[in-house]
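Step one of this worksheet: look at the structure below.
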Amino acid sequence: MEGKVILLVIIGTIGVMLMAFSVVFFVLLYRRKVLENELEIQGVKTRHQTEMLNATLKSQEAERNRLGTELHDGVGAMLSTIKLNLEVAKRKGDIQTLGPVLGHLDDTISQVRGISHQMMPIILDKYGLKRAVEDLFDKISDGSLSTSITHWDESDLEQQNSLMLYRIVQELLNNTIKHAEATEIDFSLMKDGLTLKVQYTDNGKGFPAEVLENSQGMGLLNIKNRAQAINASVSFENKNEGGAKVNLVIDRSID
Amino acid sequence: MEVFNDWLTDLSRVSAIAGILYYIFTKGQNTPVGKTVFLILLLSFISDSAIYFFIRLIYPNSFIIGNSWVILNYFLMVWVFYKILNKSYKLCLAIAIAFSIGSVVTFGFIYDYKEANFFTSVFSTISFIALSLVTYFQLLQKPGKRLLLQPVFWIATSFFIYYSLLLLRNVFDSYLIFELNISSEAYTAINIINLFANITKNFILFYALVLIDKGYPDTLKPTGAT
């Protein structure tokens, strides 16, 4: 009897010990797995952020190049002409020769205004996002492309966020004009509690499969980057009936 | 077997010294958890040494010291878990009260202080296995930490292994000694489990003190909480 009980205690203890060590190893393995997953997610996030940063830098560089070219070829050339005209007028001492200078100055002022409007659209500042988007749509609408705002709830977005959304719409319009061969563009902005739902659709060729797969190319990274800046999620898809559909959900709960 | 048992008994008795000396000669781990782990090691060393002399000089069995150790050690360990675990105040208070009432009742009406107390040994065993599992659970809830560098993990592991190894011994101890009147030779095998568990616990606690000394966080409470 004594021997049996001792044997029972010893074998039982070995069993319990094995279970205890199994628990400890399980805890260690589980944590290791979680750490590996966290590292993987961190890696994906870092890669994503790097891509975002690259896209931002690229777009900033492109914008600077464009501005530089416009200043050099437009405003710079105009100012050179004005200078030349003024030198001629000075040499001749004839005030009549200043006539064309006024015209050149008007052109220069108009060009500078145009550039400044592109940098920070006055209409957005003065009349708000809806008018600014309408203005954008008016500018691109012609006989072959029609645009419409199907729904618009007042959004009360901050100035900076409105500008971001405006830039996103600009980028989407750019895509449609450059790549989609669309004839219609629809846009809506709906308020749903603390979120704003923005939808942009066209009836063009839609996004190429590889662009949809990576959400890269065609300025999509730039759009995602801007969306992230205003705490929004963005999705790109192709409609069943053809054409692109972009949904943007702006979370305003942390404003 | 006897020689091995004696050798293991000596090693078990001094196994707490490494942690005690480390705590005394380093200044880094002056945290509530570090202090209490030191006290647990000190208590282990004192009670093991006291048993050694007590049996030879005063009384033929070690239960007077053993029972005192179980009670003091219980409250120190509950305190450690209270300091380690997040939101553990009610849990620790409840089991401390249950243990106190159970101890008073069992020692007052059921067991003599010179014999093994089934309630105190089994209740403390189950309490600390459960608290260790709660610690593991909370550790796994905390993101992004390497467990092997967490004093909390090692403290919970030392108690978890110690009490898991002693679970059956504590359940059957009274029966073996007082009902079956087991011979000391036969009891040696079971005693080896006890010694092995004690040595393992003390060395793991020593490692936990080293980690606390190195500055690794020794609590699962949010930063700033006490």
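Which FRET efficiency, nearest 0.05, do residue B:4 and residue A:41 yield, Cβ-Cβ r, R0 41 Å? Taking R0 as 41 Å, the efficiency between residue B:4 and residue A:41 is 0.20. Here's the picture: charge each Lys and Arg Cβ at +1 and each Asp and Glu Cβ at -1 in chain B, and of B:23, B:58, B:188 the one pushed furthest to the positive end of that dipole is B:23. Projecting the Cα atoms of B:9, A:95, A:238 onto the charge dipole of the protein assembly as shown (Cβ charges, centred on the Cα centre) puts B:9 farthest toward the positive pole. Axis of helix B:184-213 versus longest Cα principal axis of chain B: the two differ by about 20°, to the nearest ten degrees.
Within the same chain, lysines fewer than 8 places from residue A:130 are excluded, and of the rest, those with a Cα less than 18 Å from its Cα are A:139, A:191, A:197. Residue order for B:154, B:79, fewest other beta carbons within 10 angstrom first, comes to B:79, B:154.
May I ask you to list the residues of region B:177-210 whose amide nitrogen lies under 13 Å from a point 7 Å from Cα along the Cα→beta-carbon direction of residue B:11? Those under the cut-off are B:192-203. For region A:135-193, the dipole from Cβ point charges (+1 on Lys and Arg, -1 on Asp and Glu) about the Cα centre works out to 220 debye, to the nearest 20.
Take each residue in A:10-16, count the other chain C-beta atoms within 10 Å of its C-beta, and the mean is 5. Shape analysis of chain B places it in the prolate category; the axes a ≥ b ≥ c from the Cα gyration tensor give an a/c of at least 1.5, with a/b above b/c. Taking the Cα atoms only, what angle lies between the long axis of helix B:151-174 and the longest principal axis of chain B, rounded to 10 degrees? With both axes taken from Cα atoms, the answer is about 20 degrees. When each full DSSP H helix of chain A is screened for a Cα extent of at least 27 Å along its own axis and an average Kyte-Doolittle hydropathy of at least -0.5, the helices passing are A:2-70, A:99-119. For a test of the definition: using alpha carbon positions, the gyration tensor, and the 1.5 limit on a/c, classify region B:1-97 as rounded, prolate or oblate. Oblate, because a/c is 1.5 or more while a/b does not exceed b/c.
Need one value for B:194-200: mean number of C-beta atoms belonging to other chains within 10 Å of its residues' C-beta atoms.
1
Between residue A:94 and residue A:112, the simple label model (points 7 Å from Cα in the Cβ direction) yields a spacing of 2.9 nm.
Need one word for region A:106-255: rounded, prolate or oblate. Basis is the Cα gyration tensor (sqrt eigenvalues a ≥ b ≥ c); a/c below 1.5 gives rounded, then a/b vs b/c decides.
oblate
Centroid-to-centroid, using Cα positions, region A:59-76 and region B:118-181 are 72 Å apart. Would you list, by chain and number, the lysines whose Cα falls below 30 Å from the Cα of residue A:92, excluding same-chain residues fewer than 8 positions away? Counting by Cα, and skipping residues close in sequence, residue A:92 has these lysines nearby: A:83.
Each Lys or Arg adds one and each Asp or Glu subtracts one; over the other residues with Cβ under 11 Å from the Cβ of residue B:67, this totals -1.
For chain A, what does the helix formula give at 222 nm: sum of -39500 (n - 2.57) over DSSP H segments with n ≥ 4, over the residue count, nearest 500 deg cm²/dmol?
Working: 8 runs with 157 residues, N = 255.
For chain A, the value works out to -21000 deg cm²/dmol.
Listed by chain and number, the lysines placed with their C-alpha closer than 25 angstrom to that of residue B:90 are B:35, B:142, B:221; residues fewer than eight positions away on the same chain are left out. Evaluated with a Cβ-only charge set (Lys, Arg +1; Asp, Glu -1), region B:164-226 carries a dipole of roughly 280 debye about its Cα centre, given to the nearest 20. Projected label points at residue A:126 and residue B:107, each 7 Å from Cα along the beta carbon direction, are separated by 9.0 nanometres. Given R0 = 41 Å, the distance between the Cβ atoms of residue A:231 and residue A:81 translates into a calculated FRET efficiency of 0.30. Model label sites at residue A:70 and residue B:86, defined 7 Å from Cα along the beta-carbon direction, differ in position by 5.2 nm. When only the Cβ of Lys, Arg, Asp and Glu is charged (+1, +1, -1, -1), the dipole of the protein assembly as shown relative to its Cα centre reaches about 1200 debye.
The local environment of residue B:150, defined by Cβ-Cβ distances under 10 Å, has a net charge of +3 under the rule Lys, Arg +1 and Asp, Glu -1. Using the Cβ-Cβ distance between residue A:102 and residue A:188 with R0 = 51 Å, the FRET efficiency computed as 1/(1 + (r/R0)^6) comes to roughly 0.65.
Computed from the coordinates by the stated procedures, all read-outs in this text should not be read as laboratory data. Keep in mind that what you see is a predicted model, and the values were worked out from it rather than measured. So basically every Cβ, Gly included, is an ideal-geometry build from the backbone, and we count neighbours across all protein chains shown.
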